[in-house]
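A quick write-up on the structure given underneath.
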Amino acid sequence: MKNKEVISGVVGASFFALGYLALSVAVVPSLLIGAGAYVASELVLNGNKKEEILGEVSLEDKIKDARVKNKHIKDMKEEIDSIEVKKQLEEINKTTNKIINTIEKNNISNKSTYKFFDYYLPVCVNIVDRYDEIENQELTSEDSKKFMKNSIKMIDETSKAFKKILNSLYQNDIENNEAEMKVYNQMLKSDGYNQDEIEVEGEDDE
């Protein structure tokens, strides 16, 4: 099964690279294309068994693997010469750590979670590794310069994207807390302990 996952990862990364690096497609559409290719490959290789795709490896194991990958990103910061890339890797490492902790704390297990673990984070690691490899070779060709430039831009976009993923996780948590506060406030009012209204998102919609 690991071979199938590797094949799917290569397919997804290839489609992403084709769109973003070769065809100059914007980063978000390229990520969506790559993610779609990854999922399609998984469906083909696994006989369209969605439960296997999501449930074959436990959330606990995926979190452990994600922490290993995130540590690798942190370690790569010391290997890379570019100050700009170092800063971005530090941000990615901090944001990824918060994402993992939030998922673990709230036991979030859905397609978005698995997409982050199975696609976004591994592709980020691959981009960083390839950047370091090319940087160490000190190549001067136009293709290598273009690759380095695109990689730096992609690492920056990844940092921004991971922050959006973290925000979306917290948004779900905020909505759950607001719903809980709304119920709590109604109970206080019904028991005569609270006469004041509190503003809770969605309260006016009911």
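Potential lengthening of the chain between residue 177 and residue 164 amounts to 2.7 nm, from the contour at 0.36 nm per residue minus the alpha-carbon distance.
Across region 137-144, coupling constants 3J(HN,Hα) worked out from phi with the 6.51/-1.76/1.60 Karplus curve, θ = phi - 60°, read 6, 6, 6, 10, 5, 5, 5, 5 Hz, and Gly and Pro carry x. Net length available on complete extension from residue 193 to residue 90 is 32.3 nm, with 0.36 nm assigned per residue and the Cα-Cα distance removed. The loop-placed GluC sites (Glu not before Pro) in region 111-185, going by DSSP, that have at most 13 neighbouring Cβ atoms within 10 Å of their Cβ come out as 138.
Taking the square roots of 5 times each eigenvalue of the Cα gyration tensor of region 57-196, largest first, gives ellipsoid semi-axes of 41, 15, 11 Å.
What length, rounded to one decimal in nm, is gained on full extension from residue 112 through to residue 146, with 0.36 nm per residue of separation minus their alpha-carbon distance?
Numbers: separation 34, 0.36 × 34 = 12.24 nm, distance 3.15 nm.
Difference between extended and current length: 9.1 nm.
Where a number appears in this text, it was derived from the coordinates with a stated rule and is not lab data. Here the structure is a predicted model, which is why all the values come from computation and not from measurement. As a convention, Cβ positions derive from the backbone with ideal geometry for all residues, glycine included, and neighbour counts pool all protein chains shown.
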